[in-house]
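Structure record follows, encoded as C-alpha cells.
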Amino acid sequence: MQLKWFSITLVWILSLTTALAQPGARTIKSFDNDWLFYLGDDSLARNVNYNAGSWRSLNLPHDWSIEGAFDEKNATTQAEGGLPAGIGWYRKIFTLPAALKDKNFFINFDGVYRNSEVWINGHYLGKRPNGYISFQYNLTPYLQFGGSNVIAVKVDNSGQPNSRWYSGSGIYRHVWMTSTGKSYIPEGGAFIKTADVSGNRAIINFQTQVMVNEDNLRLKASIYTASGELVNSIITSVGNGDTLATVSQNIIVGHPNLWSIDHPYLYKVVLQLLSGKQVVDNEQHTLGIRYFNFDVQRGFFLNGESVKIKGVCLHHDEGALGAAVNTRAMERQLQILKDMGCNAIRTSHNPPAPEFLDLCDRMGFIVMDEAFDMWEKKKNKHDYHEDFKKWHKRDLEDQVKRDRNHPSVFLWSIGNEIREQFDSTGITIARELVSIVKKLDNTRPVTSALSESDPKKNFIYQSGALDLVGLNYHQEVYANFPKNYPNQKFIATETMSALETRGFYDTPTDTTRHWPHSSKEKFAKGNPEVAVTAYDNVAAYWGTTHEETWKIIKKYDFLSGLFVWTGFDYIGEPVPYAWPARSSYYGIVDLAGFPKDVYYMYQSEWTDKPVLHLLPHWNHNPGETIDVWAYYSQADEVELFLNGQSLGTRAKQNDDLHVSWKVPYQPGTLKAISRKSGRIIKTEEIYTAGPPAQIKLDVDRASIKADGRDLSYITVSVLDKNGHVVSNADNLIQFNITGPGVMAGVDNGSPTSMEPFKASQHKAFHGLCLAIVQAKQNAGIITLTAQAEGMPKTKVIIRAR
Ligand code: GAL
C-alpha cells in the first residue's frame, strides 16, 4: 500500500529524512483543492481557453448527488436512493515551475462515479467507465513548465439505472499528483509479499517493476520497524537496456512481529531507485507480516490460530456524507464495528477507497476485496455490463495491483451473485478472471459470492477455478456442506438480510416474518410507519434473522465464518418497502451510526465484554403486554424488575442468544441485573419518559484536527425533564455553528426521511439526531448550538487544533 504524506508519523519522517530528502525523489501531493464544478454538460469545457468563471469552486472529494433532494421522479431508482444523478464537469488550473521540466508527472484518481473522461491542456487522456476503480494518467508530455495548465474532467452518471444501491456522482475520492525522476517505479509496480514465515524469521519477497530510462540503476529495498529502526535492506542492480525491468529481492526479518486482528503490527518499507548516489524515485509502503489458510475441516487460521470470521458487508456510502470519501467517517464506522467484535469486512460489491484498506490494516480487520456486481449479463439497464467486455481485464488488474500489498486483504472476490452462474459462459469467464488475479497475486485465495447453492447447477463453481466456495444465504445447506461439496473450503459471503428500524417495536416477537414474503411479492404490506420492528424477527424471504444463521455458523468448524448483510444501513435498496422508503433496513447499525438492538446480540457473542442490553423502550399503553428481551454475556442469568418487583430470573438454554419475559406494562423503571455465580456483573435500567424537555449533546471527539477534513460526530438526544430519552421524540432540531467549523451533514437514521442531509436542521427520530461538524483549516474553538421549540438552547465545544 502506498503511504500518503499525511499519514506518515513524525518518528517515521525523522528517521527517514536522509533517505527521502534526496533530490529527484518522488513527491505525492494532494490534488484535491481549488477545483471548479459545473452541474450539467458543456463539451466546450474540455478546451484550455474555456471561461469557467461562473462555476462553483470546491475541494474534492465531492459527491453532487448527496447535495440534492430525494425525489421519486429523479432518474435514479428507489434502489439507488432517489437522489439526482446526471452529468458534471470539473476543472482545475495549476502551474508548475520551469525547474521541474525533467520530471515525470502523473495524476491519480482514486475513484470517479462514473464514466470519467479527462483532458490535460485540451489533450484527451482517456475514459474510465468503472466508478470504483483507481486509475492514473501520465501528464508529462502535455505539461507546460513555467506556465499554467488545466485539467478538465467530465463525469457522466446520466445512464440510469446503473446500480442496485446508492452510488453517488462525481470525483468522490481523492486525487493525487505524483512526480518522479526520469526512471521510476510504475503505479502498482511493487509487490511485497511474505514468502515464508517459519521458525524465528520471515522472508519478505519484493517484485518491483522499474521503468528504465537511464543506465546503471540500482534498487534499494529497506524494511523498518513501526518506530523507524532499520531491520534490513538490500541493493540490487536493475538490468540495462530493458524498458520495463522487474527486480526480485528478498529480505529476512528475524523474530517478526506478526500482523493480526488484535495486534495489527505494521512495518514500514522504503523502495529507492538509485542512479549513482542520487535517488530518482522512491516509494513507501506498510508491511504486515502474517500467514493464513483455510482448512476444509477446521475453517480459517491466521498465524496458525483458529479464527472464526465474524464479518459484515459494507457499501461505500458514509450516510449523510454520501459517497464523498472522508477518512474519519470510515474510521468511525470501523470503530463502531470493532467494538461489536466484528473482525472482517466484505467491500460489497466493488473495490473500496484506498484509505479504507489503510484503516483495516491499521485497525486489524481482514478484508474480502470484491471486484464486480455483474459481468456480461446485466442487473440494471446501464450498469457495468455495458463495459465489462472492454474493461474487465484492465479494471481487475488495477484493483489487484493497487490492493495486493495490504495485509488486511485476505480474499479476492471476482463477483457477487453473477448471472453467469446459470449458464456455461460462467465457466469461461470465471476461469479468465481467476487467472488475471493469480498472475498478479498468487498469495491469496479467490472466491465468488454465489447465490446458486446447488453445486451441479452452478457454472461458476463448475469452472473449478475458485479456491473457496462463497455462498450467499442458503443457510439450509451449510450443515451438509462437506457432503455436497466434498473437499471444498467454505465461507458464507453474505447472510441474514434481516430487517430492523432502530427504535421501532411491534409484536408478536416469537415468530419470524418474511418481508417481502416471496418472489411474488415486491413490497411488504408492513405497517403505516413504513418501519420494521427492531426485535430480531423479520427478514427478507431469502434471508434469516440474525440469530438463526449465526447459530449455524457458530456450530460447525468447517464453516470458516460469515459476512452479515449489512454492518451499516446504506442509502438505497429499502427492502421491504415502496417509496418513501429510500435507504436500507438491513444494517446492524443505522445510517446515522446509531446501533440497533441486535448490535448487542453480536457484541455478546463476538467479544469478551460483559454485555447487558434490554429492549424495547419503556413507553407503552397501559394494559399492553410487552415482550422484553435481554442480550447478555459473561453472566449465568438475568433478573428483571419492574418498579422494584422481580419478574423472574432467566438463563439462556441450549443455543439461545437472548432471554425474554412477557410483562404487563406499567409505567416506571424496568431494571435488569446480570449475575455470575451470584455476583452482580451488570445492571441496566430503562425508564418511562415524560414529554420532551431538553436536548443533550454528546461529541464523539471534543478535539479534532484543523485540516479542513476532520469530523466530530455529535449525538443529539431528546430527553424529558428527568434526563431520560424520549423514545418517540421527533422534534425538529436547529443547529448553529460558530468558530472554524462547518456542518458536513445531518441525519437521524430514518430510512424514510425526505429531509436533506446538507442542512442546519433535522428532525429527531426515536429520540436521536446526528450532526457532523467538519473542521476548517484554521485552529480555534468551534461551538455547536442546538435548539428545539420549547426547550432551552444547548451547546457543545469542539477544539480544532
Ligand atoms: C443480495 C445481494 C446484495 C443485496 C442483498 C439484499 O442478494 O447480493 O447486494 O441486494 O441481497 O438482501
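Residue check: residue 468 meets all listed conditions (1) away from the ligand (no atom under 16 Å from the Cβ); (2) closer than 17 Å to residue 370 by Cβ; (3) without any contact (Cβ under 8 Å) to a residue 24 or more places away in the chain but one, namely (3). Within the range 192-212, being open to solvent by 30 Å² or more (accessible area, probe 1.4 Å) and touching a Ser or Thr at 6+ places or on another chain (Cβ under 7 Å) holds for 193, 207, 209, 211. Say whether the condition of being more than 16 Å from the ligand (Cβ to nearest atom), closer than 23 Å to residue 312 by Cβ and surrounded by fewer than 21 Cβ atoms within 10 Å (Cβ to Cβ) is met by at least one residue in the range 638-653. No, the conditions are met nowhere in the range 638-653. Looking across the range 497-542 at every residue that is of a type in the set (D, E, K, R) and under 26 Å from residue 725 (Cα atoms), the one that is most open to solvent (accessible area, probe 1.4 Å) is identified as 529.
Of all residues in the range 471-484 being in contact with a helix residue (DSSP H, G or I) (Cβ under 8 Å, 6 or more places away or on another chain) and part of a loop (DSSP other than H, G, I, E, B), which is most open to solvent (accessible area, probe 1.4 Å)? Only one residue fits best here, namely 479.
When restricted to residues that are touching a strand residue (DSSP E or B) at 6+ places or on another chain (Cβ under 8 Å), assigned to a helix (DSSP H, G or I) and away from the ligand (no atom under 16 Å from the Cβ), the range 550-601 contains 6. Taken over the range 317-332, residues that are surrounded by fewer than 24 Cβ atoms within 10 Å (Cβ to Cβ) and within 16 Å of the ligand (Cβ to nearest atom) amount to 0.
Across the range 40-58, which residue is farthest from residue 150 (Cα to Cα) among those that are open to solvent by 60 Å² or more (accessible area, probe 1.4 Å) and of a type outside the set (Gly, Ala, Ser)? Ranking the candidates gives 41 first. Among the residues of the range 323-354, the ones that are over 13 Å from residue 409 (Cα atoms) and of a type outside the set (A, V, I, L, M, F, W, C) come to 13 in all. The set of residues from the range 538-549 being away from the ligand (no atom under 16 Å from the Cβ) and among the small types (Gly, Ala, Ser) is empty. Take the conditions part of a helix (DSSP H, G or I), among the polar types (S, T, N, Q) and within 16 Å of the ligand (Cβ to nearest atom) and apply them to residue 399. Does it pass? When the stated conditions are applied, residue 399 does not pass them.
Listed by position, the strands (runs of 3 or more DSSP E) contained in the range 114-164 that have at least 3 residues being away from the ligand (no atom under 16 Å from the Cβ), at pLDDT 95 or above and among the aliphatic types (A, V, I, L, M) are 147-157. Counting only strands (runs of 3 or more DSSP E) that sit completely within the range 689-771, those holding 1 or more residues that are open to solvent by 40 Å² or more (accessible area, probe 1.4 Å) and not acidic (Asp, Glu) correspond to 694-699, 732-738, 741-747, 761-763.
Restricting 338, 277, 308 to residues that are more than 16 Å from the ligand (Cβ to nearest atom) and in contact with a Ser or Thr (Cβ under 8 Å, 6 or more places away or on another chain) narrows the list to 308. Residue 171 meets the conditions (1) in contact with a Pro (Cβ under 8 Å, 6 or more places away or on another chain); (2) surrounded by fewer than 22 Cβ atoms within 10 Å (Cβ to Cβ) in every case but one. The failed one is (2). Scanning the range 233-253 for residues that are at pLDDT 95 or above and either at positive phi or open to solvent by 80 Å² or more (accessible area, probe 1.4 Å) (or both) turns up 235, 237, 246, 250, 252.
Evaluation of residue 517 against the conditions (1) on the phi > 0 side of the Ramachandran plot; (2) more than 12 Å from the ligand (Cβ to nearest atom) shows that the sole unmet condition is (1).
A Cβ distance below 9 Å, combined with a sequence gap of six or more or placement on separate chains, defines the contacts here; from the range 418-440, residues that are touching a residue at least 60 places away in the same chain (Cβ under 8 Å) reach residues that are part of a helix (DSSP H, G or I) in the pairs 433/392; 433/393; 433/396; 440/396; 440/397; 440/400; 440/401. Being assigned to a helix (DSSP H, G or I) and either within 16 Å of the ligand (Cβ to nearest atom) or aromatic (Phe, Trp, Tyr) (or both): is that true of residue 388 here? For residue 388, the condition - assigned to a helix (DSSP H, G or I) and either within 16 Å of the ligand (Cβ to nearest atom) or aromatic (Phe, Trp, Tyr) (or both) - is met. Kindly list the number of the only condition in (1) closer than 26 Å to residue 757 by Cα; (2) part of a helix (DSSP H, G or I); (3) touching a strand residue (DSSP E or B) at 6+ places or on another chain (Cβ under 6 Å) that fails for residue 330. For residue 330, the failing item is (3). Taking the criterion of being open to solvent by less than 20 Å² (accessible area, probe 1.4 Å) and not in a loop (DSSP other than H, G, I, E, B), the residues of the range 59-91 that qualify are 65, 66, 80, 88, 89, 90, 91. Between 288, 254, 319, 304, the distinction of being under 19 Å from residue 196 (Cβ atoms) and under 21 Å from the mean Cα position of the chain (by Cα) belongs to 288 only.
Taking residues in the range 155-168 that are buried (at least 24 other Cβ atoms within 10 Å of the Cβ), and partners anywhere that are charged (D, E, K, R), the pairs with Cβ atoms closer than 6 Å and at least 6 places apart or on different chains are 157/114; 162/383; 163/80; 166/80; 166/317; 168/63. Looking only at the range 427-450, decide whether some residue is surrounded by fewer than 22 Cβ atoms within 10 Å (Cβ to Cβ) and either assigned to a strand (DSSP E or B) or within 16 Å of the ligand (Cβ to nearest atom) (or both). Within the range 427-450, not a single residue is surrounded by fewer than 22 Cβ atoms within 10 Å (Cβ to Cβ) and either assigned to a strand (DSSP E or B) or within 16 Å of the ligand (Cβ to nearest atom) (or both). Take the conditions (1) without any contact (Cβ under 8 Å) to a residue 12 or more places away in the chain; (2) in contact with a strand residue (DSSP E or B) (Cβ under 8 Å, 6 or more places away or on another chain); residue 409 misses just one of them, which is (1). Among residues of the range 527-542 that are on the phi > 0 side of the Ramachandran plot, those with a Cβ under 6 angstrom from a residue that is of a type in the set (Gly, Ala, Ser) and within 16 Å of the ligand (Cβ to nearest atom), sequence gap 6+ or separate chain, pair up as 530/581.
When the range 333-380 is limited to residues that are assigned to a loop (DSSP other than H, G, I, E, B) and polar (S, T, N, Q), the one that is most open to solvent (accessible area, probe 1.4 Å) turns out to be 380. Here residue 535 meets the list (1) aromatic (Phe, Trp, Tyr); (2) within 16 Å of the ligand (Cβ to nearest atom); (3) within 21 Å of residue 728 (Cα to Cα) almost entirely, failing just condition (2).
The values are calculated or read from the model by the stated rules, or taken from the named source; none is laboratory data. Everything numeric here is computed off the predicted structure, so don't read it as measured data. Virtual Cβ from ideal backbone geometry, glycine too; neighbours counted across all protein chains shown. Each accessible area value is taken on the protein alone, full model and side chains, heavy atoms only, with ligands, DNA and RNA left out. Shrake-Rupley method; radii C 1.70, N 1.55, O 1.52, S 1.80 Å.
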